[in-house]
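What follows is one structure encoded as structure tokens, with my remarks underneath.
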Amino acid sequence: MRMPEAMSTTSYRTISVNSQPYLYLRIQLTVEGEDADKITPVQFKFLIVQALKENMGEVGAATPVDVLKLLGQGIALLRMPNRNAERLWAALTLYGRTPSDKRCAFRVLQVSPFLMGLAFDSREGR
Amino acid sequence: MVRFKNRYALCEVVTPGTQSSLLEINSQQVYSAVRNVILDTHGEFGLGSLQFSLKVKYLNIETRIVIIRAERRFFHYLSSALVFVKKIGVHNAFLRTIHVGGSIRACQKFLIRFHRQNMTRLFPQCTTDEQRCQVMASIMDACEELEAPGRRSKPLELGKQPSTALDILNSGEQR
């Protein structure tokens, strides 16, 4: 989109009405009695697939979910297709017990259709 | 009041290998097989959405036909899961969905037509005259009922045969 000459000095904001192809989530995984920093990306992805399989079955587990980055303290950035995001999100929050019978929880911290939206958390400063 | 809408899947139980012996299954076994498959493919969400309406409405062991009911809103979960049935009871069996109807009545209507078509296919397979006679008699029986639905007339006299039954037999032999 090109800006008119007169407006070029002022800041402007783009609002997207269309639905975006992906949904990005920042989630935190906590497992009872385990150090969150020691969770490897493979374990993280495994638990996500487990959560999907339990709630949505094998069909749900087949939907592509990408762990983009594993930050410290069990926080990770996820990317999932917008079409099934609602159900996958539900499956993540409903998951409560690992296969090794430990209590665990996925906490969804931030959700955005753009990856840039996760760069800043407006709730952190409070 | 809003009507509670259902869909009925008319399935054939196919058992590869064991053809001749009578299939000993009951509707409870079919139900649990379908239920477990839904749990596998669509998880707790899929089962939870279907469990209320899921029911085996009709099971015929001799013709191996099953009618399974499910809520219309979630019927796609059932129809996609039915493909993955591998075992019913102790038998290796899978379900072949022949028809999907909005009512049991519609399914039964289809079933009559389906059996009528398949009877002509049975005829060339017969080896003895006795079997031929049996198939012939059942075809005529079926045709008679189709011509005058709801009214069962007396059995046919020997030598006198309805023309429609003969037509069906002829077309069956040509195949």
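The values are calculated or read from the model by the stated rules, or taken from the named source; none is laboratory data. Just so we're clear, the structure is a prediction, and the values are computed from it rather than from any experiment. Methodologically, a virtual Cβ is constructed for each residue, glycine included, from the backbone with ideal geometry; neighbour enumeration extends over all protein chains shown.
Just one of (1) in contact (Cβ under 8 Å) with a residue 60 or more places away in the chain; (2) in a strand (DSSP E or B) trips up residue B:59, so point out which.
(1)
If residue A:100 satisfies every condition in (1) away from every other protein chain (no Cβ under 14 Å); (2) among the small types (Gly, Ala, Ser); (3) crowded, with 18+ Cβ neighbours inside 10 Å but one, which is the exception?
(3)
Looking at this structure, is residue A:92 within 14 Å of chain B (Cβ to nearest Cβ), among the aliphatic types (A, V, I, L, M) and touching a residue at least 40 places away in the same chain (Cβ under 8 Å)?
yes
Please specify each residue of region B:11-45 satisfying the condition of being closer than 11 Å to residue B:82 by Cβ and within 12 Å of another protein chain (Cβ to nearest Cβ).
Of everything in region B:11-45, those that are closer than 11 Å to residue B:82 by Cβ and within 12 Å of another protein chain (Cβ to nearest Cβ) turn out to be B:37, B:38, B:41.
Restricting attention to region A:69-89, which residues are more than 13 Å from chain B (Cβ to nearest Cβ), touching a helix residue (DSSP H, G or I) at 6+ places or on another chain (Cβ under 9 Å) and not in a strand (DSSP E or B)?
A:72, A:73, A:74
Restricting the search to region A:23-66, which residues are within 14 Å of chain B (Cβ to nearest Cβ) and not in a helix (DSSP H, G or I)?
Selection gives A:62, A:63.
From the residues in region A:90-112 that are in contact with a helix residue (DSSP H, G or I) (Cβ under 6 Å, 6 or more places away or on another chain) and not in a helix (DSSP H, G or I), which one is farthest from residue A:37 (Cα to Cα)?
Of everything passing the filter in region A:90-112, A:112 is farthest from residue A:37 (Cα to Cα).
For region A:51-94, give me each residue that is surrounded by fewer than 17 Cβ atoms within 10 Å (Cβ to Cβ), within 23 Å of residue B:76 (Cβ to Cβ) and in contact with an Asp or Glu (Cβ under 7 Å, 6 or more places away or on another chain).
A:58
Given B:80, B:49, which one is within 14 Å of chain A (Cβ to nearest Cβ) and in contact with a helix residue (DSSP H, G or I) (Cβ under 6 Å, 6 or more places away or on another chain)?
Just one listed residue meets the conditions, B:49.
Quick one: residue B:58 ticks every box in (1) within 18 Å of the chain's Cα centre (by Cα); (2) under 30 Å from residue A:49 (Cα atoms) except a single one, so which number is it?
It fails just one condition, (2).
So, in region B:121-158, of the ones that are of a type in the set (Lys, Arg) and within 24 Å of residue B:108 (Cβ to Cβ), which residue ends up modelled with the highest pLDDT?
B:121
Inspect region B:99-112 for any residue being surrounded by 14 or more Cβ atoms within 10 Å (Cβ to Cβ), in a helix (DSSP H, G or I) and modelled with pLDDT under 75 and give the result as yes or no.
no
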